[in-house]
Every structure is written in C-alpha cells, then in structure tokens.
Amino acid sequence: MTILHDKYAYSGSPENDVLKLSKAEKARLNASSAKGLVNIVLAQFVLLAIVVVLCWMVSGVAAAMSALAGGMAYLVPTAFFVLHMLLKLYSGSNASVLTFFWGEAFKLGGTVGLLALIVKFSGTLLVWPALLIGLVAVLKGYVLLLAFKRL
C-alpha cells in the first residue's frame, strides 16, 4: 500500500514501522527533554521575580507580596509536576499520556487550592491586580523562552 500526499510517500503498514532508538539516542533525548522542563520552570521564576520587583517599585510591599503569592500559586504545582516528570524520565519508566494528564489535573487543582488559601488567609492585605499579574506572568513564562529561542 502506498499513500501519496504532496511530496511525501508512505509505503507499508504502521505495525512494521516501529522506531528503535539506541541507548545513546535515548540518553540524548532524555537530556534534551529534562533541559526543556527545567528551563520552563526557571523562565517562570525569572518572570515572577521581575513582576514582584515591578509591583514593589510601583505599589509597595503589599502588592509585591500579592504578586509573589499569585505567581507561586502556579509555580509550586508546576515545579512538583516537573520534578515528577524528571523522576519518570530518569528512572527508566515510561511517562504515559495518562501520567501527563493527571499531572496537569494536579497542577490545576493545586493552583485553585492555593489561590483559595491565599484569598482566605490574606484578608485585606491582598492586592487583587498584583495577584492576577503575578499569576499571569507565571502562566506565560514560556514566552520568555520563545523570545530567546530556548524552547
């Protein structure tokens, strides 16, 4: 069976076309994946630090703490998820799609839970715009990597 699409041709069945990687190729791919995961967390942290300093300069300590709390509400679950993925990567066990989706669910649930705790315990000290700016900065941390072509 041959399928032609534009300039590419495929012949054969999918069962026969299994990609086999050598140990060196797997190690190189794992190292690249690990570097990408760590870079994402570092970029999120850098953006959060910039936002916290800007909030402190513009609106004071309460705004800076609110921005820090908002950013950390997403950064902490993300760091745990990345740690889990790195452990899976280097332990030799396969990280399945299901593992990824459970990790994403943990990140979302953890973020919502941490935001609820922040709102409950911060009282009148919470500066909502700063909290949201800190949260959005961490959510969009990968943009920093795209800007410097590190993703």
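The values are calculated or read from the model by the stated rules, or taken from the named source; none is laboratory data. Computed from a predicted model, the values in this text were never measured in an experiment. A quick note on method: Cβ atoms are made from the backbone with ideal geometry, for glycine too, and the neighbour counts reach across all protein chains shown.
Condition first: surrounded by 11 or more Cβ atoms within 10 Å (Cβ to Cβ), in contact with a Phe, Trp or Tyr (Cβ under 6 Å, 6 or more places away or on another chain), modelled with pLDDT of 95 or more and in a helix (DSSP H, G or I). Can you find one or more residues in region 115-124 that meet it? The answer is no; no qualifying residue exists.
Quick grid of which residues meet (1) under 13 Å from the mean Cα position of the chain (by Cα); (2) basic (K, R); (3) within 25 Å of A31 (Cβ to Cβ); (4) not in a loop (DSSP other than H, G, I, E, B):
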site: Y74; (1), (2), (3), (4): yes, no, no, yes
site: M85; (1), (2), (3), (4): yes, no, yes, yes
site: G113; (1), (2), (3), (4): no, no, no, yes
site: A130; (1), (2), (3), (4): no, no, no, yes
site: G134; (1), (2), (3), (4): no, no, no, yes
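Here's the yes/no breakdown for (1) within 21 Å of the chain's Cα centre (by Cα); (2) part of a helix (DSSP H, G or I); (3) over 30 Å from V143 (Cβ atoms); (4) modelled with pLDDT under 80:
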residue	(1), (2), (3), (4)
L4	no, no, yes, yes
S13	no, no, yes, yes
V18	no, no, yes, yes
A24	no, yes, yes, no
A34	yes, yes, no, no
V41	yes, yes, no, no
L47	yes, yes, no, no
V51	yes, yes, no, no
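When the residues of region 125-134 are filtered to those that are surrounded by fewer than 24 Cβ atoms within 10 Å (Cβ to Cβ) and of a type in the set (A, V, I, L, M), the one that is modelled with the lowest pLDDT is L125.
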